[in-house]
Amino acid sequence: MKRGLSLHEAEKAFRGFGCSHYFMGREDPELLAVYKNLAISSEQETEWTKASFRELAATLDQASTPAADLWWKHASATTHAESIGQIEVLRELYRVSSAILHKVPDGDCIMCAEKILARGFVELERGVVFLACSLGDPALATGFLHLARAFAGKYTGADHQRLEQAIVRAETIHSMIVT
């Protein structure tokens, strides 16, 4: 059994596993058990997730960030924003997503579009578009949809079916949020 963790070590572990109990448990179940014994509040975890989000947003803003890293850093920032569930975080995600649109390699753009549109059954209304609506900002939700379409429009990969699925998903979500 692993020794106990300090709060600093717990934060490092939590953030190191993408602010996810799932990933921590998948990669190191013993660590997750020790971590859970600390009974860290969800408020504390949200603060740590916000700090990770801010770091990712800052990295996306940096010109020195390698273009090949932008899609996965964007995906991580999006996951954090969904977890945090606050409108100011979504607005910052929109800002940095817009800023990287023309920097993400064309072949990687589909992954940014898909992350904005979320995966799974669209009827479950998951992802940043629906979250923006639920937080009372339908204009931001529409902005995310336009951004997803813009990322998809830059995609130059060979997987045309994947591109078509993203376009159809964007249209379906649009029809669900626009009344």
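Please work out the average accessible area per residue across the chain, using the 1.4 Å probe convention, and give it in Å².
Values: 9400 Å² over 179 residues.
Counting only protein heavy atoms, the per-residue value for the chain is 53 Å².
Tell me, rounded to the nearest percent, the portion of alpha carbon pairs in segment 138-179 spaced more than 13 Å apart. Don't skip to the end; give the middle numbers.
Values: 449 of 861 pairs.
Counting every Cα pair in segment 138-179, those more than 13 Å apart make up 52 percent.
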ask   = Along the charge dipole of the chain, Cβ charges K/R +1 and D/E -1, which of 77, 87, 120 sits furthest on the positive end?
value = 77
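With a 1.4 Å probe and all protein chains in place, put 155, 94, 22 in order of accessible area, largest first. Could the numbers behind the result be given before it?
Details: 155 30, 94 70, 22 145 Å².
Descending order: 22, 94, 155.
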ask   = Between residue 72 and residue 178, what FRET efficiency comes out of the Förster formula 1/(1 + (r/R0)^6) with R0 = 25 Å and r the beta carbon distance, rounded to 0.05?
value = 0.25
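Per-residue ellipticity at 222 nm for the chain, helices alone: DSSP H runs ≥ 4 residues times -39500 (n - 2.57), over residue total, nearest 500 deg cm²/dmol? Numbers along the way, then the final one.
Details: 10 runs with 129 residues, N = 179.
Roughly -23000 deg cm²/dmol at 222 nm, from the helical runs in the chain.
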note = Among 35, 100, 67, the residue whose Cα sits farthest towards the positive end of the charge dipole of the chain (+1 at Cβ of Lys and Arg, -1 at Cβ of Asp and Glu, taken about the Cα centre) is 67
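What number results when the radius of gyration of segment 1-101, computed over Cα atoms, is divided by 2.2 N^0.38 Å? Working shown, then result.
Values: Rg = 14.8 Å, N = 101, 2.2 N^0.38 = 12.7 Å.
Relative to the rule-of-thumb radius for its length, segment 1-101 sits at 1.16.
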Peptide ranges 163-174, 27-38, 105-116, 68-79 listed from the most packed, as the mean C-beta count within 10 angstrom indicates = 105-116, 68-79, 163-174, 27-38
remark   = Mean shadow area (nm²) of the C-alpha convex hull around segment 52-124 is 4.8 nm²
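Using 0.36 nm times the number of residues separating residue 87 and residue 101, minus their current alpha carbon distance, what extension gain do you get?
On the way: separation 14, 0.36 × 14 = 5.04 nm, distance 2.10 nm.
Separation in residues times 0.36 nm, less the Cα-Cα distance, equals 2.9 nm.
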remark   = Residue by residue through segment 35-45, the couplings from Karplus 6.51 cos²θ - 1.76 cosθ + 1.60 with θ = phi - 60°, in Hz, x for Gly and Pro, are 4, 5, 5, 6, 6, 5, 5, 5, 5, 5, 4
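Taking N as the number of residues in segment 51-90, what is its alpha-carbon radius of gyration divided by 2.2 N^0.38 Å? Provide the component values of the computation, followed by the final result.
Values: Rg = 10.1 Å, N = 40, 2.2 N^0.38 = 8.9 Å.
Segment 51-90 yields a ratio of 1.13.
Explain nothing, just the number: dipole magnitude of the chain about its Cα centre with +1 on each Lys and Arg Cβ and -1 on each Asp and Glu Cβ, in debye rounded to the nearest 20. Walk me through the intermediate numbers first.
On the way: 19 positive and 23 negative charges, 27 e Å.
Charge dipole of the chain: 120 debye, to the nearest 20.
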query = Do you know the relative contact order of the chain, to the nearest whole percent, from alpha carbon pairs under 8 angstrom that are 6+ apart?
reply = 17 percent
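How do 175, 52 rank by accessible surface area computed with a 1.4 Å probe, from largest to smallest?
Numbers: 175 80, 52 10 Å².
Reading off the accessible areas and sorting them downward yields 175, 52.
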remark   = Expected unfolding gain across residue 65-residue 42 under the 0.36 nm per residue rule, minus the alpha-carbon gap, is 5.2 nm
query = Straight-line reach from residue 103: which aspartates and glutamates have Cα under 14 Å away, leaving out those fewer than 8 places along the same chain?
reply = 61, 69
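For segment 84-179, take N as its residue count and report Rg(C-alpha) divided by 2.2 N^0.38 Å. Spell out each step's value before the answer.
On the way: Rg = 12.6 Å, N = 96, 2.2 N^0.38 = 12.5 Å.
Normalised Rg, Cα atoms only: 1.01.
Any idea what % of Cα-Cα pairs in the chain are farther than 24 Å? Don't jump to the answer; show the numbers that get you there.
On the way: 6678 of 15931 pairs.
It works out to 42 percent of all Cα pairs.
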ask   = Quick one: with all protein chains in place, what share of the accessible area of segment 87-179 is carbon or sulfur, to the nearest percent (1.4 Å probe)?
value = 56 percent
query = So for the chain, taking the charge dipole from beta-carbon charges (+1 Lys/Arg, -1 Asp/Glu), which of 58, 170, 141 sits furthest toward the positive end?
reply = 58
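The values are calculated or read from the model by the stated rules, or taken from the named source; none is laboratory data. These figures come from a predicted structure and were not determined experimentally. Glycine gets a Cβ as well: all are built from the backbone with ideal geometry, and neighbour counts include every protein chain shown. Ligands, DNA and RNA are excluded from the accessible area calculation, which covers all protein heavy atoms including side chains. Shrake-Rupley method; radii C 1.70, N 1.55, O 1.52, S 1.80 Å.
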